[in-house]
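Below is one structure; the comments refer to it alone.
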Amino acid sequence: MASEPVASGPGEANPENPAMAAPDSKIDHAASIRYWNSVAANSNTMLGMLGSYPWYTRIDLRGSKSFLSKVRRLVPGCTTEGKLKLGADCGAGVGRVTEGFLKDVCETVDAVEPVEKFTQVIHDSALKRSGVVGDIYTVGLEGWYPEKKYDLIWTQFCVGHLTDVQLVEYFVRCRESLTDTGMVVVKENQSTDPNGNDMYDDEDSSVTRTDEKFKEIFKQAGLIVVTSELQLGFPKNFKLLPVRFYALRPKS
């Protein structure tokens, strides 16, 4: 489920009240699916996934292209020219990231997305007909068990729908399905809770995590952060949550 830009807001956890449930314990996968089924799937402009922020995608994709170029130079043995052989677009939505970015850096891109009406858009797309999109998995990240070796697993605006435990397990599976020079890239909103807590959003039943929580989860999954940076270029007047990239490789 590819999410959309999120405006900043208060967190819901209270560190002084241990009886209060952890934000990720409130995640309801069925509620998430219901929410995303209410969102329009626009196969032409891809704007249905971006709510009221149609300008967002240009800045978003430009930042992603720049970040991946940096990462490829940092991974020993990874080619810095031409296309990677096989990528995965996890939380693909209607294929916005594949259409605007991944098709230019991967020969073939598999799509992982739990909402059937979104994967149907990908099935019907020119990218699928041309062979750029390979296999399409209509399943949530918590249920995706890769059967291939990937050069790039791109996971964007979707891990908030997984609990911490599910997310660790997902990253373990990703780690085990990478080629020798393969990498996982995570691009996600960051919590701005003043107490340093993850933030739960009951609109789409998702959690926005802190940088510290992400790093803890990566460590538990046996991944190291090759490099990390914030996405730049979003207008400050919209007061969106900060968005951070993480490039991950298996711990040696």
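Of all the residues in segment 159-183, those that are in contact with a Pro (Cβ under 9 Å, 6 or more places away or on another chain), open to solvent by less than 20 Å² (accessible area, probe 1.4 Å) and over 19 Å from Arg96 (Cβ atoms) number 4.
May I ask you to list the residues in segment 213-222 that are open to solvent by less than 90 Å² (accessible area, probe 1.4 Å) and under 16 Å from the mean Cα position of the chain (by Cα)?
Quick first cut of segment 213-222, residues open to solvent by less than 90 Å² (accessible area, probe 1.4 Å) only: 213-214, 217-218, 221-222.
Answer for segment 213-222, where residues must be open to solvent by less than 90 Å² (accessible area, probe 1.4 Å) and under 16 Å from the mean Cα position of the chain (by Cα): Lys213, Phe214, Ile217, Phe218.
Among the residues of segment 193-204, is there at least one that is among the hydrophobic types (A, V, I, L, M, F, W, C), touching a Pro at 6+ places or on another chain (Cβ under 9 Å), more than 22 Å from Ser64 (Cβ to Cβ) and surrounded by fewer than 17 Cβ atoms within 10 Å (Cβ to Cβ)? Scanning segment 193-204 turns up no residue that is among the hydrophobic types (A, V, I, L, M, F, W, C), touching a Pro at 6+ places or on another chain (Cβ under 9 Å), more than 22 Å from Ser64 (Cβ to Cβ) and surrounded by fewer than 17 Cβ atoms within 10 Å (Cβ to Cβ). Taken as a whole, the structure leaves Gly87 outside the set of residues that are at pLDDT below 95 and open to solvent by less than 10 Å² (accessible area, probe 1.4 Å).
Before we move on, is Gln156 open to solvent by less than 20 Å² (accessible area, probe 1.4 Å) and in contact (Cβ under 8 Å) with a residue 12 or more places away in the chain?
Details: open to solvent by less than 20 Å² (accessible area, probe 1.4 Å): yes; in contact (Cβ under 8 Å) with a residue 12 or more places away in the chain: yes.
Considered against the rule, which asks whether it is open to solvent by less than 20 Å² (accessible area, probe 1.4 Å) and in contact (Cβ under 8 Å) with a residue 12 or more places away in the chain, Gln156 comes out as yes.
One line per residue, one yes/no per condition, for (1) free of Cβ contacts under 8 Å to residues at least 24 places away in the same chain; (2) out of contact with any Gly (no Cβ under 6 Å at 6 or more places or on another chain); (3) open to solvent by 10 Å² or more (accessible area, probe 1.4 Å); (4) not basic (Lys, Arg):
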position	(1), (2), (3), (4)
Asp110	no, no, no, yes
Glu116	yes, yes, yes, yes
Asp124	no, yes, yes, yes
Leu127	no, yes, yes, yes
Asp135	no, yes, yes, yes
Val139	no, yes, yes, yes
Pro146	no, yes, yes, yes
Lys149	no, yes, yes, no
Leu152	no, no, no, yes
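Apart from one condition, Thr79 fits all of (1) of a type outside the set (D, E, K, R); (2) closer than 19 Å to Leu178 by Cα; (3) crowded, with 23+ Cβ neighbours inside 10 Å; the exception is (3).
Would you please name the residue that is farthest from Val207 (Cα to Cα), looking only at residues in segment 220-249 that are of a type in the set (S, T, N, Q) and touching a residue at least 24 places away in the same chain (Cβ under 8 Å)? I'd like the intermediate steps shown before the answer.
First pass over segment 220-249, keeping only residues of a type in the set (S, T, N, Q): 220, 227-228, 231, 237.
Restricting the remaining residues to those that are touching a residue at least 24 places away in the same chain (Cβ under 8 Å) gives 220, 227, 231.
On the way: Gln220: 19, Thr227: 23, Gln231: 19 Å.
Only one residue tops the list, namely Thr227.
In segment 223-252, the qualifying residues are those that are among the aliphatic types (A, V, I, L, M) and either open to solvent by 50 Å² or more (accessible area, probe 1.4 Å) or farther than 17 Å from Leu167 by Cα (or both), and the one that is nearest to the chain's Cα centre (by Cα) is Val243.
The values are calculated or read from the model by the stated rules, or taken from the named source; none is laboratory data. Quantities reported herein were computed from a predicted structural model and do not represent experimental measurements. Please note: Cβ atoms are built from the backbone with ideal geometry, for glycine as well, and neighbour counts cover all protein chains shown. Note: accessible area is taken over every heavy atom of the protein model, side chains too, but ligands, DNA and RNA are not part of it. Shrake-Rupley method; radii C 1.70, N 1.55, O 1.52, S 1.80 Å.
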